[in-house]
Ligand SMILES: *Cc1c(COP(=O)(O)O)cnc(C)c1O
């Protein structure tokens, strides 16, 4: 049985007619950049993410970049983030001449470790302190970071929080007061990606920034069009961060199914748990689920020994799997100038060596999940 890591064709088949009709509308209108479709999607994503404002941008990476720009982060500023994430989380910081400070992750959630975060801040020199401008937590694999702690630390220091929610649309965080808060609503900025492999994926690149701050919203809107306001009068240096109407039209269709897809991902995760438990496969550590809502952009298991052998075995049996991420950012070649050693973030190094993502997409059928668990069982019985 061949099971890809992600099957976008199955999803497309189910909603093809609607998508085609929506794109034809855009062709007829001949309005391709920003415009009413983008605004409609912005309103829907803002409401869905429980924030006042959302603005469509060219990618998740640009969502991060424009947020940092709007926050006034520039050369020599310090931004704390996780080393265990997709490259652009830290890449966007560095592109602005700011300095990413990597704080290791928690071994259960793979999100930034808030105790280490506090410790790292306490070791900053007096001269560095005023340069610390923001914390950029990542809600990795679709589960929120410890936002109560992160926002409290940021508040006490008077710095910003920029959420990398690229993998976490609709994820919920259980706050200390019992409230469920959506990803992208807890920091000053929330950054989303519509890259095809995300839970809400477009037919190309796209992203969105959410905020509750009116001033931030205004500056994001101006930054998105080269800093011009009005047109041809440039208040600041922005960029072309505009979002396509065609992508917005497609996402408006897909958005109607997002909740149902998310619940399907969650029930797939439950089935994995049941089957792994029933089979008693002790070598596999299942993903830790906090209170709140994990939206399972990825279902990532951990194997103490022989991860690469398992990956090879699964691939040979036709099962798609992937390593997110094989090289933590603090040891990437391009960040060598920052002077990190592997042992500075040991949990990230360990996660990179031991984890593997299994298929979790909504269209996955029960038999397929059974086959995946069977196959992993047979790997350990050889
Ligand atoms: C996908 C992703 C991004 C970047 O989004 P793009 O739309 O691909 O630019 C940033 N951060 C994380 C954690 C991601 O998963």
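Values in this text are rule-based calculations from the coordinates and carry no lab data. Here the structure is a predicted model, which means the values were calculated and not measured. Cβ sites come from the backbone with ideal geometry, for glycine too, and all protein chains shown count toward neighbours.
Stokes-Einstein D for segment 92-149 at 20 °C, 1.002 mPa s, Kirkwood Rh over Cα pairs, in µm²/s?
Once the numbers are plugged in, D ends up at 170 µm²/s.
Quick check: pseudo-label points 7 Å beyond the Cα along Cα→Cβ at residue 256 and residue 278, how many nm apart are they?
Distance between label points: 3.5 nm.
Per residue, what volume in Å³ does the Cα convex hull of segment 258-381 take up?
137
Using every pair of alpha-carbon atoms in segment 157-245, split the distances into 5 Å bins beginning at 0 and state the percent of pairs per bin, rounded to integers.
Final binned percentages: 3, 13, 17, 19, 21, 13, 8, 4, 1, 0.
Rounded to the nearest 0.05, what FRET efficiency do residue 32 and residue 87 have when you use their Cβ-Cβ distance and R0 = 25 Å?
So, using R0 = 25 Å, E works out to roughly 0.30.
Separation between the residue 289 and residue 343 pseudo-spin-labels, each 7 Å from Cα along Cα→Cβ, expressed in nm?
Using points 7 Å along Cα→Cβ, the separation is 3.8 nm.
Which whole-percent values make up P(r) of segment 8-255 when all C-alpha to C-alpha distances are grouped in 10 Å steps starting at zero?
Over segment 8-255, the share of Cα pairs per 10 Å bin runs 8, 32, 35, 19, 6, 1, 0 percent.
How much length, in nm to one decimal, is gained on full extension between residue 263 and residue 367, taken as 0.36 nm per residue of separation minus their Cα-Cα distance?
35.6 nm
Taking the highest mean first, how do the peptides 53-63, 210-220 order by number of other beta carbon atoms within 10 angstrom per residue?
Listed from highest to lowest mean packing, they are 53-63, 210-220.
Rounded to the nearest 500 deg cm²/dmol, what is the calculated helix-only ellipticity per residue at 222 nm for the chain, with -39500 (n - 2.57) per DSSP H run of length n ≥ 4?
Taken over the chain, the calculation gives -12500 deg cm²/dmol.
Please sort 279-289, 199-209, 353-363 by packing, taking for each peptide the average over its residues of neighbouring beta carbons within 10 angstrom, highest first.
199-209, 353-363, 279-289
On full extension of the chain, what length is gained from residue 240 through residue 218, given 0.36 nm per residue of separation minus the C-alpha to C-alpha distance?
6.3 nm
Under a plain spin-label model, where a point goes 7 Å from the Cα along Cα-to-Cβ, how far apart in nm are residue 305 and residue 24?
6.1
Please report, in whole Å, how far the alpha carbons of segment 32-98 spread along each principal axis, starting with the longest.
38, 23, 20
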